[in-house]
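Asks: My questions all concern the structure below.
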Amino acid sequence: MRFSGKTVIVTGSGSGIGAVTARRFAAEGANAVIADIDFSAAERVAASIPGSLALEVDVTSRKSLGAMVRAVDTRFGGTDVLINNAATCSDASFLQIAPEEVERDLAVGLMGPFFASQEIVPGMIERGGGVILNVGSVNGLSYFGNEAYSAAKAGLLSLTRSIAIQYGRNNIRCNAVAPGTVATEYWDHRRELDPLVFEKAAQWYPLGRIGEPADVADALLFLASDAAAWITGVVLPVDGGLLSGNLAMARAVAPERSEPSGDA
Ligand SMILES: NC(=O)c1ccc[n+]([C@@H]2O[C@H](COP(=O)([O-])OP(=O)(O)OC[C@H]3O[C@@H](n4cnc5c(N)ncnc54)[C@H](O)[C@@H]3O)[C@@H](O)[C@H]2O)c1
């Protein structure tokens with residue numbers, strides 16, 4: 001049990017990657033805090049995790065985040081791991097996205113982790129250390145659409161390095177993961193528009209499939225664990241190889257070099 005006695009807050013864990021991550025931490029002994037703006041969703045997840053705590057938290061509000069940290073202190077005596085996972089992503093195009101949608105994607109995806117880290121760091125320093133993990137995206141490293149969301153995710157990588165460098169001597173580690181397409185509720189709307197969207201996305205992945213929430217959760221558990229004790233300030237793509245290159249392009253520009261690769 002890698003996380004016995006440890007307390008882990010996962011924001012946005014009423015759904016998707018966050019919910020699976022909270023469940024896996026709890027399965028390895030952690031006290032899981034399910035923090036979500038959708039309290040009924042948080043309660044549903046918490047109901048299936050014995051000993052967990054559901055909280056209604058809006059990560060765009062520093063006041064709400066302060067109340068979260070105090071509630072966790074009262075219930076569990078402090079926070080060992082904070083996972084900044086909540087995000088929103090407008091589907092509007094660059095020229096049509098409304099100012100309030102840009103503000104929301106930046107507020108939830110970037111300002112939220114900023115404020116949450118401000119709230120959590122003093123207690124971690126006092127307790128002798130901790131781990132902050134940020135759930136980024138391949139969109140923070142390369143272009144895949146959703147400009148406001150992508151800007152938030154790129155900023156999140158800068159925040160990851162800032163915290164890692166500034167608080168390393170306080171035994172606080174800070175790292176990020178950058179998932180590619182992951183099958184979660186987030187995609188429900190797009191799947192209604194195009195039921196084949198996952199199959200289409202899978203074609204772009206060198207490993208031949210899109211991700212499952214557990215793929216990301218496993219990476220987060222590793223980065224939170226003592227096995228990652230000397231890793232800080234990094235971003236780990238969890239993307240089935242997406243960012244590593246493009247075989248279709250390599251073949252298109254030099255077809256004579258093509259070799260069977262099992263994907264025909
Ligand atoms: N699913 C993917 O394909 C994918 C790909 C790359 C990165 N990610 C990242 O993974 C993380 C989780 O994504 P997901 O697919 O599980 O999403 P999801 O939509 O299933 O879950 C997001 C959760 O965040 C909560 N939330 C939204 N605004 C909030 C706020 N202001 N305060 C607190 N909670 C709030 C929602 O209520 C929801 O429960 C996000 O950071 C997302 O950007 C997802």
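Asks: Please work out the FRET efficiency for the pair Arg44 and Arg2, using the Cβ-Cβ distance as r and a Förster radius of 35 Å; give the result to the nearest 0.05.
Replies: The computed FRET efficiency comes out at 0.85.
Asks: So, one more: For the stretch 156-171, just list the computed ³J(HN,Hα) in residue order, Karplus coefficients 6.51, -1.76 and 1.60, θ = phi - 60°, integers in Hz, with x standing in for Gly and Pro.
Replies: Rounded to whole hertz, the list is 4, 6, 5, 4, 4, 5, 4, 5, 4, 6, 5, 10, x, 5, 8, 6.
Asks: Straight-line reach from Lys63: which lysines fall under 30 Å, measuring Cα to Cα and dropping same-chain residues less than 8 apart?
Replies: By straight Cα distance, Lys63 reaches Lys6, Lys153.
Asks: In terms of the ratio Rg/(2.2 N^0.38 Å) built on C-alpha atoms, what value belongs to the stretch 7-257?
Replies: Values: Rg = 18.2 Å, N = 251, 2.2 N^0.38 = 18.0 Å.
Output field value: 1.01.
Asks: Right, another one. Counting other Cβ atoms within 10 Å of each Cβ, which chymotrypsin sites (Phe, Trp or Tyr not before Pro) in the stretch 108-166 have at most 11 and sit in a DSSP loop?
Replies: Counting only loop positions with at most 11 other Cβ atoms within 10 Å, the chymotrypsin sites (Phe, Trp or Tyr not before Pro) in the stretch 108-166 are Tyr143.
Asks: Which whole-Hz couplings ³J(HN,Hα) result when phi for each residue of the stretch 209-217 is put into the Karplus expression 6.51 cos²θ - 1.76 cosθ + 1.60, θ = phi - 60°, listed in order with x for Gly and Pro?
Replies: These are the phi-based 3J(HN,Hα) values: 8, 7, x, 10, x, 5, 4, 6, 4 Hz.
Asks: Taking the alpha-carbon centroid of each part, what is the distance from the stretch 93-166 to the stretch 23-87 in angstrom?
Replies: Here the two parts' Cα centres lie 18 Å apart.
Asks: Tell me, what ³J(HN,Hα) does each residue in the stretch 20-31 have, in order and in whole Hz, if you take phi through Karplus 6.51 cos²θ - 1.76 cosθ + 1.60 with θ = phi - 60° and put x for Gly and Pro?
Replies: 5, 5, 4, 4, 6, 4, 4, 5, 9, x, 7, 7
Asks: What angle do you read, to the nearest 10 degrees and between 0 and 90, between the alpha-carbon axis of helix 62-76 and the longest principal axis of the chain?
Replies: In the chain, helix 62-76 runs at an angle near 60 degrees to the longest axis.
None of the figures in this text is laboratory data; all of them are computed from the coordinates on show. The model shown is predicted, which means the values in this text are computed figures rather than measured ones. Neighbour counts are summed over all protein chains in view; Cβ atoms, including those assigned to glycine, are modelled from backbone coordinates with ideal geometry.
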